[in-house]
Structures are given as structure tokens and as C-alpha cells.
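The values are calculated or read from the model by the stated rules, or taken from the named source; none is laboratory data. Source: prediction; values computed, not measured. As a convention, Cβ positions derive from the backbone with ideal geometry for all residues, glycine included, and neighbour counts pool all protein chains shown.
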Amino acid sequence: MGLNIAGIAINKSYKEDVSTIESMLGHQLLFEKEVPFEEACESFKEDSYCDIYFSENSTFILCDMERAGFEFILEEQDVFSFVLSEMTMTFCINYVKNGKLVRTIVEAEDELHEDEGTPLEFEKTEDDKSEIIYYLIEKTIGKSFDDIDLEATCKRYTFQSLQQSDTTETNGSKKPWWKFW
């Protein structure tokens with residue numbers, strides 16, 4: 001069946017500053033419980049919660065595919081949002097470096113729907129989008145996806161609407177990753 005996950009990787013730990021993550025996502029986060037990383041990697045996560053793995057130097061949010069299909073900007077941070085669905089062969093890549101969007105790729109069933117920004121150095125030797133996703137996870141959080149201990153603790157948060165908005169804000173003119181037409 002393959003891996004079907006989506007998430008947001010940030011090159012800074014926000015363990016002590018969850019409010020920044022709330023602002024970025026446009027939702028308050030209500031702590032629910034701790035779960036192992038293996039459970040956090042469940043396929044097709046519901047849109048009512050997310051699981052967050054905090055390392056010493058990074059934050060790795062595992063969330064629903066719709067939410068992770070957008071780019072997220074944090075000033076002076078690298079933020080990588082992605083959708084990896086091996087079942088549907090859908091891949092979405094949004095890579096923000098130092099607060100600036102530098103690369104966007106959307107591919108579904110071997111058809112490229114969006115390709116913006118300068119190709120990354122890694123893309124010169126690898127065109128498999130899932131490998132690009134694994135590469136950018138490691139580049140952003142400083143650890144390979146496969147090297148994260150399956151028993152590592154993640155915090156599960158449910159989404160609560162903020163007063164100003166209950167949706168993720170984007171750059172207005174950008175289409176969500178699932179709207180290919």
C-alpha cells in the first residue's frame with residue numbers, strides 16, 4: 001500500500017513556544033495526549049488533530065494532507081511542508097528557506113501540475129518526488145525520517161478555531177495542491 005503521510009518540518013524547536021505554531025497554522029492547539037512516532041505516522045490523518053515531534057533543534061508536525069499542501073512562512077526559518085501519498089501517487093512539496101518560498105512541486109499520477117522555483121541541487125541526481133521529500137525532511141530537521149525512533153514521543157494536539165479565522169491562510173492567489181485545473 002505504501003506510505004501516505006503529510007507534514008510540516010521546521011528547522012527550529014518550538015517545544016517551548018507552541019503559540020508560534022498556532023499562529024502559523026491559524027488554529028489554537030489543545031494538548032490531548034502523547035503518542036509514539038509510529039502512531040503519529042498513520043496514513044490519511046484526520047483534519048481534527050496533528051501530532052508533533054519535537055527534537056532539540058527542530059519541529060516535525062504530522063497532519064492531514066489538505067493542511068500540509070500549503071506553504072508556511074516563519075521569518076528566518078526553513079519550513080518544509082509536504083504531502084506524500086504512495087497509494088495515490090500524489091506528491092506536494094513546498095520548501096521555504098529563511099522565510100522565502102524557494103521551491104514548489106505538485107505531482108499526481110506521474111503528471112507534473114506545478115513546478116515553481118529553482119530546482120534544488122539534490123534534484124540534479126534524483127527526480128523521484130518521494131526521495132526529494134525524504135531529503136528535505138532530513139535537511140530541515142537534521143535527522144533522517146527513518147532514523148526517528150518509532151517509540152519517540154510525539155504530542156497530539158486537537159485544532160481549536162482562532163477568533164480571527166478557522167482556516168489556514170495562504171498567499172491568496174495560490175491554488176491548493178488538490179486543485180489541478
- Item | Residue, surrounded by the fewest Cβ atoms within 10 Å (Cβ to Cβ), within segment 98-137, restricted to residues that are basic (Lys, Arg) and within 17 Å of Gly69 (Cα to Cα) | Lys100
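Would you mind listing the strands (runs of 3 or more DSSP E) fully within segment 68-164 where at least 1 residues are under 14 Å from the mean Cα position of the chain (by Cα)? Before you say what the answer is, go through the steps one by one.
Details: elements: 79-85, 90-97, 100-108, 111-117, 153-161.
Answer list for segment 68-164: 79-85, 90-97, 100-108.
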- Being part of a loop (DSSP other than H, G, I, E, B) and either aliphatic (A, V, I, L, M) or out of contact with any strand residue (DSSP E or B) (no Cβ under 7 Å at 6 or more places or on another chain) (or both) is the filter here, so list the residues in segment 55-67 that pass it. Ser55, Glu56, Asn57
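Looking only at segment 15-25, which residues are under 15 Å from the mean Cα position of the chain (by Cα) and farther than 15 Å from Ser81 by Cα?
If we filter segment 15-25 for residues that are under 15 Å from the mean Cα position of the chain (by Cα), which is where we start, we get 21-22, 24-25.
Within segment 15-25, Glu22 is the sole residue that qualifies.
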- Message: If the requirement is being surrounded by fewer than 19 Cβ atoms within 10 Å (Cβ to Cβ), more than 22 Å from Phe145 (Cα to Cα) and modelled with pLDDT of 95 or more, which of these qualifies: Ser55, Ser13, Ser48?
- Response: Ser48
- When segment 8-53 is checked residue by residue, the ones that are under 25 Å from Glu138 (Cβ atoms) and assigned to a loop (DSSP other than H, G, I, E, B) are Asn11, Lys12, Ser13, Tyr14, Lys15, Glu16, Asp17, Cys41, Glu42, Ser43, Phe44, Lys45
- Item | Subset of segment 4-54 (residues that are touching a strand residue (DSSP E or B) at 6+ places or on another chain (Cβ under 6 Å) and among the charged types (D, E, K, R)) | Lys15, Glu22, Glu32, Lys33, Glu34, Asp51
- Cβ-Cβ under 6 Å pairs, at least 6 apart or on other chains, segment 66-80 side in contact (Cβ under 8 Å) with a residue 24 or more places away in the chain and more than 12 Å from Met24 (Cα to Cα), far side in a strand (DSSP E or B) and basic (Lys, Arg): Asp78/Lys97
- Message: Cβ-Cβ under 8 Å, sequence separation 6+ or interchain: first residue in segment 1-17 and under 15 Å from Glu38 (Cα atoms), partner assigned to a loop (DSSP other than H, G, I, E, B) and basic (Lys, Arg). Which pairs?
- Response: Ile5/Lys45; Ala6/Lys45
